[in-house]
Structures are given as structure tokens and as C-alpha cells.
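One structure below.
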Amino acid sequence: MTAPTVKIVRTVAELRAQVGAWKAAGERVALIPTMGALHEGHLSLVRLGQKRARRTVASVFVNPRQFAPHEDFDAYPRGEARDAELLASVGCDLMFAPDVAEMYAPGFSTTVNLTGVSEPLEGAARPLFFGGVATVVTKLLNQAQPDLAVFGEKDYQQLQVIKRVVRDLDIPVEIVGAPTARADDGLALSSRNAYLSPEERAAAVALPDAMKAAAKAVAEGGRVDEAEARAVAALTAAGFRQVDYVDVRDADDLSRLGPGPITGAKGRILVAAWLGKTRLIDNMAVG
Ligand code: PAF
């Protein structure tokens, strides 16, 4: 029996022709934007897309515009053949893998920037990041013109940023958030986990553990500032060399909650911390 394959296209024209044909046949199309280095978390996004649409398109593009010069663009894990195999194994219909010149033609000079939800947390730690994400996601949505697009809640602030851009720019697409896929010990699946040494991988479980303990304490009526401080202390004790943030925030607009107990607000705890050279992020609902 031959292994399943996925059709790969590299140009916007080919992508539009295929999606256009599906839509003309009355088939709904889901886009799953990725930067490749696919893992079970990405495949769960494809599966969710398949529940909501007859056709799924995964884009695989390591977007240079969302990396600062000192960040890991060159080192970011890449492996197109493996990505294609994984997409084929779950029955994804199309892989869109443009090169940088196809995505950013010479003279490209437009950036989608937003205020508010993009400013704290990842926006503060990585000032270029959300402009790069918002620009490439706007382009991908215009290129593919899907009925819906699926993004992981693992990058919770990114999901809120994309929802804001789609509302603000009247992009006719439904944005669907998918629950975070986790390893057995609770660590969120991430392409960057590949950077962790075996010792760091063992220590990394402190992140979901500290986050869960803080979320539980706040959900049970504890003070936000105390729960956040305990989580920072737990991460430091476990060997994290720097904690960028442990914040309990409003789940929709990401404004700060606390410092006392939260009442009535829908909270989300968000964490970013460094283990050696690797920056890990995670988040979960409070209550
Ligand atoms: O989450 C990612 O992998 C990327 O930020 C995205 C949404 C594919 C844009 O490059």
C-alpha cells in the first residue's frame, strides 16, 4: 500500500485556483497557518478544521517578519518532507509552502500594526512580533480566502490579536481557537521544545505545574499578586533562569486583573519563562 501524500503548492495563484475550485463545488475550506516543524498540536488543529470544513489547507511558512534580528529565525526547526508526511497522515488536503520571495515581493512595504491587545506580554517582550504575525496572517487570509482559520490557544495572545485584526479590517473569515495539546506530563507541545536538553525537558514540567497551581489559587478566591509571586518562585526554584511574566489577565482584552482576588471577570493566566536558551510560553483559563 502506498503512503498517503498531500498536494503541495508554492504560489498564491495555485493556492487560489485550488481553493476557488473547492468553493465553486460548494465545499467549505479551513486554513491552518503554521511555521512547520509540525507536531501533534498542529495536527489537532487540522483535525478541528476537518470537523468544521470539508477541505483543509495548512500553510507552512517560517515568517521572517515576526523574528527580531537576535531571535531564532535561522535556527528555527525546518523539515518540509516530514511536515508533508504528517499532513498527509491526517488527510490534510493541501499544503501551501511559499518561499519568502512569493510572500514578500521586492518592494514590500506594508505592515499591519495594532494597539491594545498586542501591547503587553509578548508585545512588550518581542516588540516586532505581533506586527509580523498580523501582517502575514492578513496576507494568508487574503491569499487563501478560507471560510475559517484555526489557531492554537497555546499562543493565546496571538489568537486574541488575530481576532482583533479580523474584526477591525472586516476580513470575512471565522477565527477558531483550538485547545492546547499537551505531553503526558502537562508540558504544552511546541516546536521550540526541540531546543530543550533532556535535563531541561524534565525541568520544564514546572511551568504547567506552577501555572495550574496559580490558576487554582485564584479560582478559589486567592489574591492574584500572591498566586503570581508563588508561581515565579516555583519556576525559579525549578531552574528557570528568567521569568518574563506570570500574569492573570482578562481573557478577552488581556487587561491586568488583581492584585486582589478577582470577582466576576473571566481570567486567563499567561506565562513566559526561559529555561537555558529556550523561551517557553503557556496559558490556561482561570476557573
Ligand atoms: O503560530 C504560528 O505558528 C505563527 O505565528 C503563525 C500564526 C503561523 C504566523 O506566522
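We did not get these values from a lab; they are worked out from the coordinates using the rules stated. Note that the coordinates shown come from a computational prediction; the quantities given were computed from them, not determined experimentally. Counting neighbours? That spans all protein chains shown, and the Cβs are built from the backbone with ideal geometry, glycine included.
Out of curiosity, is T5 within 16 Å of the ligand (Cβ to nearest atom) and either touching a His at 6+ places or on another chain (Cβ under 6 Å) or β-branched (V, I, T) (or both)?
Values: within 16 Å of the ligand (Cβ to nearest atom): no; either touching a His at 6+ places or on another chain (Cβ under 6 Å) or β-branched (V, I, T) (or both): yes.
In short, no.
Determine, yes or no, whether G239 is over 17 Å from A203 (Cα atoms) and either in a loop (DSSP other than H, G, I, E, B) or of a type in the set (K, R) (or both).
No.
Any idea which of P120, P146, P127 is away from the ligand (no atom under 13 Å from the Cβ), surrounded by 22 or more Cβ atoms within 10 Å (Cβ to Cβ) and not in a helix (DSSP H, G or I)? Don't jump to the end; show me each part of the working.
Working: P120 fails: surrounded by 22 or more Cβ atoms within 10 Å (Cβ to Cβ); P127 fails: surrounded by 22 or more Cβ atoms within 10 Å (Cβ to Cβ).
On inspection, the qualifying residue turns out to be P146.
Check whether at least one residue in the stretch 178-195 is aromatic (F, W, Y) and either in contact with a Gly (Cβ under 6 Å, 6 or more places away or on another chain) or within 11 Å of the ligand (Cβ to nearest atom) (or both), and report yes or no. Steps first, answer last, please.
Start the filter on the stretch 178-195 by keeping residues that are aromatic (F, W, Y), which leaves 195.
In the following step, the residues that additionally are either in contact with a Gly (Cβ under 6 Å, 6 or more places away or on another chain) or within 11 Å of the ligand (Cβ to nearest atom) (or both) were identified as none.
No, every residue in the stretch 178-195 fails to be aromatic (F, W, Y) and either in contact with a Gly (Cβ under 6 Å, 6 or more places away or on another chain) or within 11 Å of the ligand (Cβ to nearest atom) (or both).
If the condition is being within 12 Å of the ligand (Cβ to nearest atom) and without any contact (Cβ under 8 Å) to a residue 40 or more places away in the chain, then the stretch 131-142 contributes A134, T138, K139.
Only one of the numbered conditions (1) within 16 Å of the ligand (Cβ to nearest atom); (2) surrounded by 20 or more Cβ atoms within 10 Å (Cβ to Cβ); (3) not aromatic (F, W, Y) is not met by A84, and that is (1). Is there a residue in the stretch 10-31 that is aliphatic (A, V, I, L, M), surrounded by fewer than 19 Cβ atoms within 10 Å (Cβ to Cβ), within 14 Å of the chain's Cα centre (by Cα) and within 14 Å of the ligand (Cβ to nearest atom)? Within the stretch 10-31, none of the residues are aliphatic (A, V, I, L, M), surrounded by fewer than 19 Cβ atoms within 10 Å (Cβ to Cβ), within 14 Å of the chain's Cα centre (by Cα) and within 14 Å of the ligand (Cβ to nearest atom).
Within the stretch 147-205, how many residues turn out to be of a type in the set (F, W, Y) and more than 18 Å from L38 (Cβ to Cβ)? So the count comes out to 1. Looking at the stretch 55-64, is at least one residue within 12 Å of the ligand (Cβ to nearest atom) and of a type in the set (F, W, Y)? Checked the stretch 55-64: at least one residue is within 12 Å of the ligand (Cβ to nearest atom) and of a type in the set (F, W, Y).
In the stretch 160-189, how many residues are part of a helix (DSSP H, G or I), without any contact (Cβ under 8 Å) to a residue 40 or more places away in the chain and either surrounded by fewer than 20 Cβ atoms within 10 Å (Cβ to Cβ) or more than 11 Å from the chain's Cα centre (by Cα) (or both)? Result for the stretch 160-189: 3. Close Cβ contacts (under 6 Å, 6 or more residues apart or on different chains) running from residues in the stretch 26-37 that are under 30 Å from D72 (Cα atoms) to residues that are polar (S, T, N, Q) and within 16 Å of the ligand (Cβ to nearest atom) comprise A30/T56; P33/S59; A37/S191.
Just checking, does the stretch 195-205 include any residue being touching a Ser or Thr at 6+ places or on another chain (Cβ under 6 Å), outside any helix (DSSP H, G or I) and either in contact (Cβ under 8 Å) with a residue 40 or more places away in the chain or not aliphatic (A, V, I, L, M) (or both)?
The answer is yes, given that some residue of the stretch 195-205 is touching a Ser or Thr at 6+ places or on another chain (Cβ under 6 Å), outside any helix (DSSP H, G or I) and either in contact (Cβ under 8 Å) with a residue 40 or more places away in the chain or not aliphatic (A, V, I, L, M) (or both).
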